[in-house]
Amino acid sequence: MTLLLVVPLVQIVLFGTAIRPDAAVAVAISAPTASDAETVAMELRKLRNIMIVATGKPGTAEALVKRGGAVIGIEVPEARSFANPLAKGGPLRIVVDESNAALASAATARIEAAYWRTVAERGDLAGQGLTTTRLYNPDSRTDWNFLPGLIGVTVMIAMIMLGSLSLAREREGSTWEALLILPLGRGEVLLGKLLPHVAIGSMQGLAVMAVGVWLFDLPVRGNATALAALLPLFAAAHFVLGYAIAARARTQLAALQGAVAFYLPAMLLSGFLYPFATLPGWAQAKGRPILVEVKAWWCPVCSSQGRTIMATTAAPQYNNLLILSINYDKQKAEWKALGAQKQSTLIGYNGAREVGRVVYTTDKAAINGLLTKTIG
């Protein structure tokens with residue numbers, strides 16, 4: 001009954017939950033003035049699945065994309081006019097983190113369409129122009145998104161299946177008891193079972209990575225040697241997990257069901273094959289640090305807080321921090337729902353759990369303390 005009913009139901013729920021290629025995309029806006037940034041933000045908020053996470057001075061949007069704090073950055077140029085003839089002018093720039101091409105491309109297309117629609121409605125068919133810069137994946141190759149994940153998926157599935165089925169089969173064939181009566185300790189028997197499979201799993205992971213680089217031109221950023229060194233530990237953990245599943249199962253069929261019940265959620269809800277941002281909120285609730293700032297363009301304390309946050313979060317340990325901005329003047333319902341009382345409120349979350357907040361202060365120690373608690 002478990003195999004016929006429960007497993008198919010779990011599969012359809014997991015697949016239906018995990019495969020959502022069109023999720024909310026974080027967008028940062030930089031402009032010469034706060035009013036220019038807010039004008040662009042107002043237009044973008046009309047679009048589906050566009051989430052404005054920050055506004056700031058020229059250059060800050062691109063910097064936020066490169067730090068991983070936003071998927072798309074919009075750099076609004078300073079307009080050249082009779083009153084300001086020395087302005088650089090130039091086209092509006094869109095900077096896109098294309099490491100998640102399936103997620104970023106659709107949102108970029110919506111933003112570009114909105115820009116040209118606005119230009120046409122104003123009757124300025126030439127416009128100031130638009131350029132799009134795609135970082136990390138200039139050709140928007142979607143295969144680059146899931147090929148790295150296959151390194152982990154291949155090793156994980158192989159080790160869990162080998163660990164669970166090999167022990168279950170030996171118990172059914174009574175060969176496990178024969179091993180235990182040999183003049184060897186239990187630890188030696190387990191180690192003898194573990195080491196060959198760890199070598200197999202490590203070679204599998206390295207083979208997948210090599211084929212991805214050689215056949216699909218997969219770029220390697222960071223230390224590939226460190227990844228290779230961690231593969232044996234990764235393989236060993238999942239092989240032992242397979243043994244634990246088999247130890248609780250009475251038959252090979254039960255061990256197989258247990259292995260499938262583990263690796264399906266792990267594969268679909270961990271970001272292996274699908275971008276983490278497309279997963280449902282309950283699947284993202286653990287682990288992602290979030291800083292919410294309630295701010296107003298006219299608030300000097302907010303500006304001071306923003307400078308401190310920008311300087312502090314430039315450090316590598318804050319690369320995973322997501323910063324969300326709430327407009328005090330125009331998003332009253334949002335900041336009230338969070339229990340904020342005024343502008344210049346900073347609230348830190350680790351997943352869905354609030355870890356602290358500071359209100360109307362420019363003290364760098366207090367702000368940095370909140371940031372430290374937020375990233376854990």
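The values are calculated or read from the model by the stated rules, or taken from the named source; none is laboratory data. This structure is a prediction, so every number in the text was calculated from the model and none was measured. Counting neighbours? That spans all protein chains shown, and the Cβs are built from the backbone with ideal geometry, glycine included. To get the accessible areas, we keep the full protein, side chains included, count just its heavy atoms, and leave off ligands, DNA and RNA. Shrake-Rupley method; radii C 1.70, N 1.55, O 1.52, S 1.80 Å.
Data for the structure
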read-out: Some residue of the range 178-198 being touching a Lys or Arg at 6+ places or on another chain (Cβ under 8 Å) and open to solvent by 40 Å² or more (accessible area, probe 1.4 Å); value: yes
read-out: Among residues of the range 143-177, those that are buried (at least 16 other Cβ atoms within 10 Å of the Cβ) and farther than 24 Å from residue 242 by Cβ, counted; value: 3
read-out: Hits in the range 340-357 (condition: among the hydrophobic types (A, V, I, L, M, F, W, C) and either open to solvent by 70 Å² or more (accessible area, probe 1.4 Å) or within 28 Å of residue 39 (Cα to Cα) (or both)); value: 340, 346, 347, 352
read-out: Cross-chain or 6+ apart pairs with Cβ under 6 Å, the range 188-200 first and touching a residue at least 12 places away in the same chain (Cβ under 8 Å) and closer than 16 Å to residue 233 by Cβ, then open to solvent by 50 Å² or more (accessible area, probe 1.4 Å) and assigned to a helix (DSSP H, G or I); value: 197/162
read-out: Restricting the range 90-148 to residues that are of a type in the set (S, T, N, Q), part of a loop (DSSP other than H, G, I, E, B) and more than 17 Å from the chain's Cα centre (by Cα), the residue that is modelled with the highest pLDDT; value: 140
read-out: Hits in the range 311-351 (condition: without any contact (Cβ under 8 Å) to a residue 24 or more places away in the chain and either in contact with an Asp or Glu (Cβ under 7 Å, 6 or more places away or on another chain) or not in a loop (DSSP other than H, G, I, E, B) (or both)); value: 311, 316, 332, 333, 334, 336, 337
read-out: Some residue of the range 52-62 being modelled with pLDDT of 85 or more, within 23 Å of residue 308 (Cβ to Cβ) and among the small types (Gly, Ala, Ser); value: yes
read-out: Residue count, the range 242-259 (criterion: among the aliphatic types (A, V, I, L, M) and surrounded by 19 or more Cβ atoms within 10 Å (Cβ to Cβ)); value: 6
read-out: The range 205-220 residues that are small (Gly, Ala, Ser), paired with ones that are surrounded by 12 or more Cβ atoms within 10 Å (Cβ to Cβ) (beta carbon under 7 Å, 6 or more apart); value: 205/151; 205/154; 205/155; 205/231; 212/147; 212/218
read-out: Extreme residue, nearest to residue 34 (Cα to Cα), among residues of the range 297-310 that are modelled with pLDDT of 90 or more and not in a helix (DSSP H, G or I); value: 298
read-out: In the range 24-75, residue farthest from the chain's Cα centre (by Cα) [restricted to those that are surrounded by 20 or more Cβ atoms within 10 Å (Cβ to Cβ) and part of a loop (DSSP other than H, G, I, E, B)]; value: 31
read-out: Conditions (1) at negative phi; (2) in contact (Cβ under 8 Å) with a residue 12 or more places away in the chain; (3) open to solvent by less than 30 Å² (accessible area, probe 1.4 Å); number of the one not met by residue 100; value: (3)
read-out: Residues of the range 316-339 satisfying the condition of being under 24 Å from the mean Cα position of the chain (by Cα) and either open to solvent by 30 Å² or more (accessible area, probe 1.4 Å) or closer than 18 Å to residue 361 by Cβ (or both); value: 316, 317, 319, 320, 323, 324, 325, 326, 334, 338
read-out: Candidate set from the range 260-293 (those that are modelled with pLDDT of 70 or more and of a type in the set (Ser, Thr, Tyr)); member that is most open to solvent (accessible area, probe 1.4 Å); value: 270
read-out: Tally, over the range 326-354, of residues that are among the hydrophobic types (A, V, I, L, M, F, W, C) and closer than 21 Å to residue 311 by Cβ; value: 2
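Residues checked against (1) more than 17 Å from residue 263 (Cα to Cα); (2) modelled with pLDDT of 85 or more; (3) touching a Ser or Thr at 6+ places or on another chain (Cβ under 7 Å):
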residue: 187; (1), (2), (3): yes, no, no
residue: 192; (1), (2), (3): yes, yes, no
residue: 200; (1), (2), (3): yes, yes, no
residue: 215; (1), (2), (3): yes, yes, no
residue: 218; (1), (2), (3): yes, yes, no
residue: 223; (1), (2), (3): yes, no, no
residue: 233; (1), (2), (3): yes, yes, no
residue: 237; (1), (2), (3): no, yes, no
residue: 244; (1), (2), (3): no, yes, no
